[in-house]
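The values are calculated or read from the model by the stated rules, or taken from the named source; none is laboratory data. Quantities reported herein were computed from a predicted structural model and do not represent experimental measurements. The accessibility values were calculated without ligands, DNA or RNA, using every heavy atom of the protein model including side chains. Shrake-Rupley method; radii C 1.70, N 1.55, O 1.52, S 1.80 Å.
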Amino acid sequence: MKTEMICIVCPMSCHMEIEQAEDGTILSVIGNSCNRGDSYARKELTMPMRMLTTTVAIEGSLHRRLPVILTGEIPKEKQEEVMKEISKICVKAPVLYQQILKQDICDLGVAVMASRSMDCYENE
């Protein structure tokens with residue numbers, strides 16, 4: 001079986017063709033300009049991973065939402081489950097850049113981390 005994909009690792013956007021055996025084993029990757037494209041194609045077809053960025057509720061701040069990022073990649077099929085758990089998080093200001101807000105989300109070994117600081121805001 002042959003699969004076509006465009007590599008997103010670098011700006012070259014190589015058009016690659018990947019040949020797989022019946023059991024899913026990758027036989028060849030053609031069209032990549034560098035080794036990163038080969039690695040990306042193999043990983044994407046065998047166990048696709050994603051980095052997740054979103055926002056959580058924050059109280060006591062000028063803004064109502066705090067941008068967050070995971071500390072590592074998660075399996076693509078777990079994105080929805082992780083987003084449901086993240087949507088339950090509500091933090092109180094102040095929050096520091098890279099502060100861990102929730103450890104080991106969904107038992108995946110990654111944490112939810114603030115991607116910016118937010119100070120307290122007192123309405124006068």
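Computed in the context of the full set of protein chains, the accessible area of the chain at 1.4 Å probe radius has 50% of its extent on carbon or sulfur.
Taking amide H atoms as placed 1.01 Å from N in the peptide plane, the amide H of residue 101 lies under 5 Å from those of 112, 113, 114, each 5 or more residues away in sequence or on another chain. Entry note, the chain: relative contact order of 19 percent, from Cα contacts under 8 Å with a spacing of 6+ residues.
Over the range 56-122, what is the relative contact order in percent, taking alpha-carbon pairs closer than 8 angstrom and at least six residues apart?
Once normalised by length, the contact order is 43 percent.
Give me the angle, in degrees from 0 to 90, between the Cα long axis of helix 35-46 and the longest principal axis of the Cα atoms of the chain, rounded to the nearest 10. Once rounded, one gets 80 degrees. Evaluating 6.51 cos²θ - 1.76 cosθ + 1.60 at θ = phi - 60° for every residue in the range 91-107, the Karplus couplings come out as 10, 10, 5, x, 10, 9, 3, 6, 5, 6, 9, 8, 7, 6, 4, 6, 6 Hz, glycine and proline recorded as x.
Taking amide H atoms as placed 1.01 Å from N in the peptide plane, the amide H of residue 50 lies under 5 Å from those of 74, 76, each 5 or more residues away in sequence or on another chain. Residues in the range 72-80 carry Karplus couplings, in order, of x, 7, 10, x, 3, 6, 9, 4, 5 Hz; the curve used is 6.51 cos²θ - 1.76 cosθ + 1.60 with θ = phi - 60°, and Gly or Pro positions show x. What the chain shows is 66 Å² of accessible area per residue, with the surface traced by a 1.4 Å probe over protein heavy atoms.
Dividing the helix sum by the residues of the chain, where each DSSP H run of 4 or more adds -39500 (n - 2.57), gives a mean residue ellipticity at 222 nm of -4500 deg cm²/dmol. When P(r) over Cα pairs in 10 Å bins from 0, in percent is computed from the coordinates, the matching label among (i) 12, 32, 23, 20, 10, 3, 0; (ii) 14, 47, 32, 7, 0; (iii) 11, 25, 21, 19, 13, 9, 3 is (i). Per-residue Karplus couplings for the range 49-54, computed as 6.51 cos²θ - 1.76 cosθ + 1.60 with θ equal to phi - 60°, are listed in order as 10, 9, 9, 10, 10, 6 Hz, Gly and Pro entered as x. Amide hydrogen proximity for residue 56: with H placed 1.01 Å from N in the peptide plane, the residues at 5 or more positions away or on another chain lying under 5 Å are 66, 68.
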